[in-house]
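Working notes for the structure below.
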Amino acid sequence: MALTLEIPKEYGYVVAVLVSYIFFNFWMSFQVGKARRKYKVFYPTLYALESENKDAKLFNCIQRGHQNSLEMVPVFFATLLVSGLQYPVVAAGLGALYNVGRFFYFKGYSTGVPDNRLKIGGISFLALFGLIFLTAAFATSLILKA
């Protein structure tokens with residue numbers, strides 16, 4: 001039995017959230033670039049050493065804020081795009097919440113105090129779990145149609 005897929009017009013919101021994250025990612029990479037110049041951590045060095053740079057922890061927190069966001073991109077994009085096929089408005093809402101949470105995650109991490117990343121930024125994980133749940137619900141609906 002074949003399933004047909006009709007993409008709802010509201011899926012545009014899902015795509016808009018994805019594009020907004022791409023611009024956000026560019027912004028984070030520019031922040032890391034500015035920190036590289038400010039704290040004198042040049043390529044190809046990924047992380048500063050505290051024994052060589054008094055500002056190593058601050059730079060490393062900025063770098064980790066961006067790096068962790070990059071590590072989460074595959075899961076975020078996959079769950080956003082797949083769950084959005086069945087639940088476009090809810091997926092887009094959760095995706096937007098994820099983006100906001102990731103902004104605060106990055107800003108909190110960039111203070112040099114790693115625990116600050118979760119004060120508001122922790123909402124990104126709640127949004128991601130919501131997207132994972134929606135993706136699982138979509139998978140279940142497909143299986144039950146078979």
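The values are calculated or read from the model by the stated rules, or taken from the named source; none is laboratory data. Computed from a predicted model, the values in this text were never measured in an experiment. Neighbour counts are summed over all protein chains in view; Cβ atoms, including those assigned to glycine, are modelled from backbone coordinates with ideal geometry.
Hey, can you tell me all the residues within segment 1-21 that are surrounded by 11 or more Cβ atoms within 10 Å (Cβ to Cβ) and outside any loop (DSSP other than H, G, I, E, B)?
In the first step, residues of segment 1-21 are kept if they are surrounded by 11 or more Cβ atoms within 10 Å (Cβ to Cβ); the result is 7-8, 10-18, 20-21.
The answer is TYR11, GLY12, TYR13, VAL14, VAL15, ALA16, VAL17, LEU18, SER20, TYR21.
For first residues located in segment 1-29 and more than 11 Å from LEU80 (Cβ to Cβ), partners that are exposed (fewer than 10 other Cβ atoms within 10 Å of the Cβ) and lie 6+ apart or on another chain with Cβ distances below 9 Å form the pairs MET1/LYS145; MET1/ALA146; LEU3/LYS145; LEU3/ALA146.
Of everything in segment 111-146, what is polar (S, T, N, Q) and either touching a strand residue (DSSP E or B) at 6+ places or on another chain (Cβ under 8 Å) or not in a loop (DSSP other than H, G, I, E, B) (or both)? Give them in sequence order.
Here is the first cut: in segment 111-146, the residues polar (S, T, N, Q) are 111, 116, 124, 135, 140-141.
Across segment 111-146, the qualifying residues are ASN116, SER124, THR135, THR140, SER141.
Among the residues of segment 80-105, write down those that are buried (at least 24 other Cβ atoms within 10 Å of the Cβ), in contact with a Gly (Cβ under 6 Å, 6 or more places away or on another chain) and more than 26 Å from ILE143 (Cβ to Cβ).
Applying the first criterion (buried (at least 24 other Cβ atoms within 10 Å of the Cβ)) to segment 80-105 yields 80, 83-84, 91, 94-95, 98, 102, 105.
Filter once more, so that each one left must be in contact with a Gly (Cβ under 6 Å, 6 or more places away or on another chain): 80, 91, 94, 105.
Answer for segment 80-105, where residues must be buried (at least 24 other Cβ atoms within 10 Å of the Cβ), in contact with a Gly (Cβ under 6 Å, 6 or more places away or on another chain) and more than 26 Å from ILE143 (Cβ to Cβ): just TYR105.
Within segment 41-62, how many residues turn out to be touching a residue at least 12 places away in the same chain (Cβ under 8 Å) and loosely packed, with under 12 Cβ neighbours inside 10 Å? So the count comes out to 1.
Okay, residues lined up against (1) more than 21 Å from PHE125 (Cα to Cα); (2) of a type in the set (Gly, Ala, Ser):
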| site | (1), (2) |
| --- | --- |
| GLU10 | yes, no |
| TRP27 | no, no |
| TYR47 | yes, no |
| MET72 | no, no |
| PHE76 | no, no |
| SER83 | no, yes |
| ALA96 | no, yes |
| LYS107 | no, no |
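Collect the residues in segment 48-100 that are β-branched (Val, Ile, Thr) and closer than 26 Å to TYR13 by Cβ, keeping them in residue-number order. Even if it seems obvious, please write down each step before you answer.
Of all residues in segment 48-100, those β-branched (Val, Ile, Thr) come to 62, 73, 75, 79, 82, 89-90, 100.
Residues satisfying the conditions are VAL73, VAL75, THR79, VAL82, VAL89, VAL90, VAL100.
Can you confirm whether LEU58 is at pLDDT 95 or above and in contact with a Gly (Cβ under 7 Å, 6 or more places away or on another chain)? Judged against the criteria, LEU58 is a match.
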